[in-house]
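The next block holds one structure in the form of structure tokens; read it before the comments.
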Amino acid sequence: MADKNLDAFKENQEVTVVDASKKLRIGIIGCGWIAGSHMVSYLKQPDVEIVAACDIIPGKAEKFIAKYGLTGVKTDYASHKEMLDDESLALDAVSICTYNRQHAEPAIYALNKGVNVMLEKPFTVTTEEAVEVMKAEKASGKILSIGFQPRLDENMKMIKKIVESGELGQIYYIQTGGGRRRGIPTPFGTTFIEDKTAGLGALGDIGCYSLDMVLNAIGYPKPLTVSGYKSAFFGKDNNYVGYGRHHEYGDLFSVDDFAAAFVRLEGGIILDFRIAWAMNLDTPGDTIILGTKGGLRIPSTECWNGSVGGPMKIYHEVCGQQVETVVPVINKLKDGETLFDRKIRSFCDAVKYNLPAPVPSSQILYNQAIIDGIAKSAAAGCEIQIEIPEI
Ligand SMILES: NC(=O)c1ccc[n+]([C@@H]2O[C@H](COP(=O)([O-])OP(=O)(O)OC[C@H]3O[C@@H](n4cnc5c(N)ncnc54)[C@H](O)[C@@H]3O)[C@@H](O)[C@H]2O)c1
């Protein structure tokens, strides 16, 4: 029979007690696909009250709130401005779940109103927009966290721990990215594939995750130059398999479905990057981090969404022998817990206890600058310097 005292050594024994005596008053801006994931996670928090939601499509916010059986939530707003102007709401924070082209404006408006912001990824479409949001963040003193939930995965944390332990020595080269054979997202329409709403395609949707995976691990060095490439061969094809009966989607497709880049980072580090929503291949390769003492291989997943695809391997030397150490996949999520729950809980804690933003804008600015740099370099057809204005 198992010794009950041994249970004390089991992992995941920590019980987090949430003080629910004061409820955070939360509003949701944009009531589409991802707003549902925010809502599900907020509803699990005992110290959260959803008080308002808005969408520019009339009636959408009302339907969204009804779907979760909530009552007393105000939804009669034509825009984020009307909702944020309603002082009777006394909002503590908003989740901004709008498409990419509508990230900056609502974020700036909310911060100027003194409301904390959980902003979905990618940060923005351009570096200039990100800088404007950060100016508003600085002036407001409020919390702005960017929605990179893969970062809260234990395997992602392990990558950072391995790099920080010095096990790999000095990092000099990184190959990262991911891809899907056929995976252009059009689940609820065309907001992901039209320039007027998305602004960025695979680059902003899943490229930002690949970049965060490695840049967070190595401490987000400043990007200096980039030579980038973008294409859209699959997206623009009306006969693309994933479009099914929506044969007009190819004509509407106006973002990238593939991008690649060669980026120089501060500290002499080279970043070799590629990302694909669609390609004639299963995966464009694993992520590798090369250092002077060891190399790390992080297996990719077939449908790239920012997660570690299997056990990682460290290639190093032990007593003069070439040795491989396998790092097993770690799962420390509690029963029923999701990475989204962690993202929302860590944001709520930051707001309540005035902690640093869980995913700070100061880091994601460099992620954005690379994405924006790839777009600008691709348009120019040559390598460019990455310019990041002062904030
Ligand atoms: N973190 C993740 O795992 C994850 C997953 C999917 C999408 N996302 C991100 O979430 C964002 C939204 O994606 P989605 O799939 O929910 O898109 P969606 O098109 O389903 O929903 C966006 C909604 O925002 C509304 N909207 C746009 N501008 C608005 C404004 N100013 N005020 C109020 N409402 C406004 C639209 O009408 C639409 O209903 C994107 O930036 C995407 O990159 C994140």
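Each reported figure results from applying straightforward, stated rules to the coordinates on display, with no laboratory input. Computed from a prediction, not measured in an experiment: that's the story for all the values here. Ideal geometry is used to build each Cβ from the backbone, glycine not excepted, and the neighbour counts take in all protein chains shown.
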### Task
Please give, to one decimal in nm, the separation of the simple spin-label points placed at H247 and T338, each 7 Å out from Cα toward the Cβ.
3.6
### Proximal lysines to K161, defined as alpha-carbon separation beneath 26 angstrom and excluding residues fewer than eight positions away on the same chain
K10, K121, K222, K293, K313, K332, K334, K343
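Subtracting the Cα-Cα distance from 0.36 nm times the residue separation, let me have the gained length for K63 to F262 in nm, one decimal.
67.1 nm
Taking only C-alpha pairs under 8 Å that are 6+ residues apart, what is the relative contact order of the chain in percent?
Values: 816 pairs, mean separation 73.0, N = 391.
RCO, the chain: 19 percent.
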### Gaussian network model of the chain, springs between alpha carbon atoms under 10 Å - residue of G36, G141, G320 with greatest fluctuation
G320
### Antiparallel content of DSSP bridges confined to the chain, in %, to 5
60
### Query
Okay, which of region 151-186 sit inside 18 Å, backbone N to the point 7 Å along the Cα-Cβ direction of T301?
151-160, 176-186
## Note on the structure
Expressed in nanometres to one decimal, the distance between label points 7 Å along Cα→Cβ at A139 and Y172 is 4.6
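Could you sort the peptides 321-334, 226-239 by per-residue average Cβ neighbour count (10 Å cutoff), highest mean leading?
Working: 321-334: 11.9, 226-239: 18.4.
Top to bottom by mean Cβ count within 10 Å: 226-239, 321-334.
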### Task
Give me the distance in nm between label points sitting 7 Å out from Cα along the Cα-to-Cβ direction at D282 and E82, one decimal.
5.1
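Among 308-319, 170-181, how do they line up from the highest to the lowest mean number of other beta-carbon atoms within 10 Å? Each step should come with its number before you reach the end.
Numbers: 308-319: 15.5, 170-181: 21.5.
Answer by packing, highest mean first, reads 170-181, 308-319.
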### Task
Please give the calculated 222 nm ellipticity per residue for the chain, where each DSSP H segment of at least 4 residues contributes -39500 (n - 2.57) and the sum is spread over every residue; nearest 500 deg cm²/dmol?
-8500 deg cm²/dmol
